[in-house]
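See structure below.
The values are calculated or read from the model by the stated rules, or taken from the named source; none is laboratory data. Predicted, not measured: the structure shown is a model, and the values here were computed from it. When we count neighbours, we look across all protein chains shown, and the Cβ atoms used for this are built from the backbone with ideal geometry, even at glycine. Ligands, DNA and RNA are excluded from the accessible area calculation, which covers all protein heavy atoms including side chains. Shrake-Rupley method; radii C 1.70, N 1.55, O 1.52, S 1.80 Å.
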Amino acid sequence: MVCLGNICRSPLAEGILQSKLPAGKFMVDSAGTGGWHAGQEPDKRSIAVAKTRGLNISCQKARQFKVSDFKEFDHIYVMDSSNLRDVLKLAPDEAAKAKVKLMMDEMFPGEMVDVPDPYFGGPEDFDRVYDMLEQACAIVATKLIKEHS
(Lines give C-alpha, C1' and ligand atoms only; values in the text may rest on other atoms or scores of the structure.)
Protein backbone atom coordinates (compact mmCIF):
# COMPACT_ATOMS: atom_id res chain seq x y z
CA MET A 1 0.00 0.00 0.00
CA VAL A 2 1.58 3.26 -1.11
CA CYS A 3 0.64 6.91 -0.59
CA LEU A 4 2.63 10.13 -0.40
CA GLY A 5 3.97 10.27 3.16
CA ASN A 6 2.87 6.88 4.56
CA ILE A 7 1.02 8.46 7.48
CA CYS A 8 -2.65 8.76 6.39
CA ARG A 9 -3.98 6.56 3.59
CA SER A 10 -1.50 3.72 3.19
CA PRO A 11 -1.31 2.87 6.93
CA LEU A 12 -5.10 2.64 6.95
CA ALA A 13 -5.03 0.44 3.85
CA GLU A 14 -2.36 -1.77 5.41
CA GLY A 15 -4.35 -2.23 8.61
CA ILE A 16 -7.66 -2.79 6.85
CA LEU A 17 -6.29 -5.33 4.37
CA GLN A 18 -4.36 -7.19 7.08
CA SER A 19 -7.57 -7.47 9.12
CA LYS A 20 -9.34 -9.14 6.19
CA LEU A 21 -6.68 -11.78 5.51
CA PRO A 22 -5.91 -15.00 7.39
CA ALA A 23 -3.27 -14.35 10.06
CA GLY A 24 0.25 -15.31 9.06
CA LYS A 25 -0.57 -16.18 5.45
CA PHE A 26 0.14 -12.82 3.79
CA MET A 27 2.60 -10.01 4.30
CA VAL A 28 0.98 -6.59 4.07
CA ASP A 29 3.04 -3.42 4.37
CA SER A 30 2.82 0.23 3.45
CA ALA A 31 5.20 2.93 2.31
CA GLY A 32 5.28 6.49 1.04
CA THR A 33 6.73 7.87 -2.16
CA GLY A 34 8.37 10.54 0.02
CA GLY A 35 10.51 9.92 3.07
CA TRP A 36 9.59 12.97 5.16
CA HIS A 37 7.85 10.94 7.86
CA ALA A 38 10.13 7.87 7.93
CA GLY A 39 10.10 6.25 11.34
CA GLN A 40 6.98 8.09 12.52
CA GLU A 41 3.69 6.50 13.49
CA PRO A 42 0.59 7.17 11.38
CA ASP A 43 -1.22 10.50 11.61
CA LYS A 44 -3.23 10.75 14.86
CA ARG A 45 -6.42 11.10 12.82
CA SER A 46 -5.74 7.86 10.91
CA ILE A 47 -5.04 6.09 14.19
CA ALA A 48 -8.29 7.50 15.63
CA VAL A 49 -10.53 6.52 12.72
CA ALA A 50 -9.03 3.03 12.67
CA LYS A 51 -9.55 2.71 16.43
CA THR A 52 -13.25 3.64 16.11
CA ARG A 53 -13.55 0.78 13.58
CA GLY A 54 -11.76 -1.72 15.80
CA LEU A 55 -8.26 -1.59 14.27
CA ASN A 56 -5.02 -0.61 15.97
CA ILE A 57 -2.53 0.84 13.47
CA SER A 58 -0.50 2.79 16.04
CA CYS A 59 2.41 0.33 15.94
CA GLN A 60 3.12 1.00 12.26
CA LYS A 61 6.13 3.13 11.28
CA ALA A 62 6.34 5.15 8.09
CA ARG A 63 8.96 4.29 5.51
CA GLN A 64 9.80 5.33 1.98
CA PHE A 65 9.01 3.06 -0.96
CA LYS A 66 12.15 1.50 -2.40
CA VAL A 67 13.04 -0.36 -5.59
CA SER A 68 13.52 -3.61 -3.64
CA ASP A 69 9.78 -3.52 -2.84
CA PHE A 70 9.18 -4.68 -6.41
CA LYS A 71 10.95 -7.95 -5.56
CA GLU A 72 9.50 -8.21 -2.06
CA PHE A 73 5.80 -7.84 -2.99
CA ASP A 74 3.53 -9.47 -5.56
CA HIS A 75 1.03 -6.60 -5.59
CA ILE A 76 1.62 -2.88 -5.08
CA TYR A 77 -1.47 -0.73 -4.57
CA VAL A 78 -1.11 3.04 -4.85
CA MET A 79 -3.60 5.55 -3.53
CA ASP A 80 -3.65 8.12 -6.34
CA SER A 81 -2.41 8.90 -9.85
CA SER A 82 0.54 10.92 -8.52
CA ASN A 83 1.69 7.92 -6.43
CA LEU A 84 1.15 5.72 -9.48
CA ARG A 85 3.41 7.88 -11.62
CA ASP A 86 6.11 8.07 -8.91
CA VAL A 87 6.14 4.33 -8.25
CA LEU A 88 6.14 3.41 -11.94
CA LYS A 89 9.19 5.66 -12.45
CA LEU A 90 11.10 3.44 -10.01
CA ALA A 91 10.09 0.16 -11.66
CA PRO A 92 13.15 -1.66 -13.02
CA ASP A 93 11.24 -3.52 -15.75
CA GLU A 94 7.83 -4.30 -17.23
CA ALA A 95 7.23 -7.17 -14.79
CA ALA A 96 7.65 -4.75 -11.89
CA LYS A 97 5.33 -2.22 -13.53
CA ALA A 98 2.68 -4.93 -13.92
CA LYS A 99 2.53 -5.31 -10.12
CA VAL A 100 1.43 -1.68 -9.62
CA LYS A 101 -2.28 -0.86 -9.47
CA LEU A 102 -4.36 2.10 -8.47
CA MET A 103 -6.23 1.02 -5.31
CA MET A 104 -9.63 2.23 -6.42
CA ASP A 105 -9.32 0.33 -9.71
CA GLU A 106 -10.57 -2.59 -7.63
CA MET A 107 -13.96 -0.85 -7.48
CA PHE A 108 -13.80 1.39 -10.53
CA PRO A 109 -11.61 -0.36 -13.13
CA GLY A 110 -9.90 2.01 -15.52
CA GLU A 111 -11.67 5.12 -14.17
CA MET A 112 -8.52 6.52 -12.49
CA VAL A 113 -10.33 7.20 -9.20
CA ASP A 114 -8.01 8.50 -6.47
CA VAL A 115 -8.25 7.89 -2.74
CA PRO A 116 -8.18 11.56 -1.67
CA ASP A 117 -5.44 12.66 0.70
CA PRO A 118 -7.22 13.62 3.95
CA TYR A 119 -4.13 15.28 5.48
CA PHE A 120 -5.43 18.86 5.20
CA GLY A 121 -9.02 17.86 5.97
CA GLY A 122 -11.06 17.08 9.03
CA PRO A 123 -12.26 13.89 10.73
CA GLU A 124 -14.99 13.43 8.11
CA ASP A 125 -12.31 13.22 5.39
CA PHE A 126 -10.56 10.43 7.30
CA ASP A 127 -13.91 8.63 7.72
CA ARG A 128 -14.55 8.88 3.98
CA VAL A 129 -11.07 7.56 3.14
CA TYR A 130 -11.53 4.69 5.60
CA ASP A 131 -14.84 3.75 3.97
CA MET A 132 -13.31 3.82 0.47
CA LEU A 133 -10.36 1.68 1.59
CA GLU A 134 -12.63 -0.73 3.47
CA GLN A 135 -14.56 -1.49 0.29
CA ALA A 136 -11.49 -1.76 -1.95
CA CYS A 137 -9.60 -3.91 0.57
CA ALA A 138 -12.53 -6.32 0.81
CA ILE A 139 -12.22 -6.92 -2.94
CA VAL A 140 -8.42 -7.24 -2.76
CA ALA A 141 -8.63 -9.69 0.16
CA THR A 142 -11.12 -11.88 -1.69
CA LYS A 143 -8.85 -11.95 -4.76
CA LEU A 144 -5.72 -12.71 -2.72
CA ILE A 145 -7.36 -15.52 -0.78
CA LYS A 146 -8.69 -17.04 -4.01
CA GLU A 147 -5.29 -16.60 -5.71
CA HIS A 148 -3.50 -18.47 -2.89
CA SER A 149 -5.98 -21.26 -2.21
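Can you give me the distance in nm between label points at ILE145 and ALA48, each placed 7 Å from the Cα along the Cα-to-Cβ direction?
With each label placed 7 Å out from Cα toward Cβ, I get 3.2 nm.
Based on the mean of other beta carbon atoms within 10 Å per residue, what is the order of 22-32, 76-86, 139-149, most packed first?
Taking the mean over residues of other Cβ atoms within 10 Å, the ranking is 76-86, 22-32, 139-149.
Please compute the modelled spin-label separation between TRP36 and SER82, points set 7 Å along Cα→Cβ, answer in nm with one decimal.
0.9 nm
In the range 31-81, carbon and sulfur make up what percent of the accessible area (probe 1.4 Å)?
Working: 1440 of 2770 Å².
Of all accessible area on the range 31-81, carbon and sulfur atoms account for 52 percent.
Could you report the range 1-111's accessible area per residue, 1.4 Å probe, as an integer in Å²?
Details: 5460 Å² over 111 residues.
Result: 49 Å² of accessible area for each residue.
Output the peptides 8-19, 126-137 sorted from most to least packed, where packing is the average of other Cβ atoms within 10 Å over each peptide's residues. Mind dumping the intermediate values first?
Values: 8-19: 26.7, 126-137: 19.9.
For the peptides 8-19, 126-137, the packing ranking is 8-19, 126-137.
Students often get this wrong, so check it: of LYS20/LYS66; LYS20/LYS101; LYS20/LYS51; LYS61/LYS143; LYS66/LYS89; LYS25/LYS51, which have C-alpha atoms separated by over 22 Å? Present the calculation step by step, with values, prior to reporting the outcome.
Numbers: LYS20/LYS66 25 Å; LYS20/LYS101 19 Å; LYS20/LYS51 16 Å; LYS61/LYS143 27 Å; LYS66/LYS89 11 Å; LYS25/LYS51 24 Å.
Violating the 22 Å limit, Cα to Cα: LYS20/LYS66; LYS61/LYS143; LYS25/LYS51.
In nm, to one decimal, how far is the ALA23 label point from the SER68 one, both placed 7 Å along Cα→Cβ?
2.9 nm
In a solvent-free Debye calculation with one equal scatterer on each Cα, what is log10 I(q)/I(0) for the range 2-108 at q = 0.15 Å⁻¹, listed in the order of the q values?
Relative scattering, expressed as log10 I(q)/I(0), comes to -0.60.
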